[in-house]
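For reference, the structure discussed in these notes is given below.
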Amino acid sequence: MDFRKIFSDKGEIIFKTSFNYIHMINRGFKLCLFVMLIFSTINVLAQEETVFSKLSKHSLGQGEVVIHQSKVLEEMITNFAARNKVSSKVEGYRIQLFSGTGASAKKQSQEVKTKMLDYFPYESVSVEYNAPFWRVRTGAFRHKHEALPLLRKIKSSFPNCYVVKDNGIRLSELK
């Protein structure tokens, strides 16, 4: 930084700076404004109506709900709800009908999908490619025990099928 001392008529010291220093102060000011904007946005989001405030809201002609619990538990549940709003996918289970690699795996996966839809037209079937694997899966279940009846039903047509955990199930897919 280029500081030069300049004396005024009254003997005061005035600092004269280079343009780069002023530009740096301008950046710092912009950064401060940006940080303040971020914190104000977070504060507004934190003040959104929570499950507890909705339940405790008193409306004319309706009953009143009073919730007695610790603030820590309320914060935990509010944070959990906020995370679920952001993430549209949940952990669940599917039934894997086929998994293969190699030159013919794509063709085989399409054949398995077609066979599944012929035998069980009301079930959803997906073909996924995650290099180097081609996979054919059906169903979308939140818990493993929910997948077992479908597994038993399709086991005669697909003897090698089994239940697998899937972290990418959309909430709209769950039965």
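Any read-out appearing in this document is the output of simple, stated calculations on the displayed coordinates, not a laboratory observation. Every value quoted in this text rests on a predicted model; they were computed, and no experiment measured them. All Cβ positions, glycine included, derive from the backbone under ideal geometry; neighbour counts span all protein chains shown.
Under 1.5 on a/c is rounded, so check that first for region 89-173, then, if it is not, pick prolate when a/b is larger than b/c and oblate when it is not; a ≥ b ≥ c are the square roots of the alpha carbon gyration tensor eigenvalues.
oblate
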| field | Residues with amide H under 5 Å from that of I169, placed H, sequence gap 5 or more | value | V90, G92
| So if R0 is 41 Å, what FRET efficiency would V86 and T114 give, r being the distance between their Cβ atoms, rounded to the nearest 0.05? | 0.65
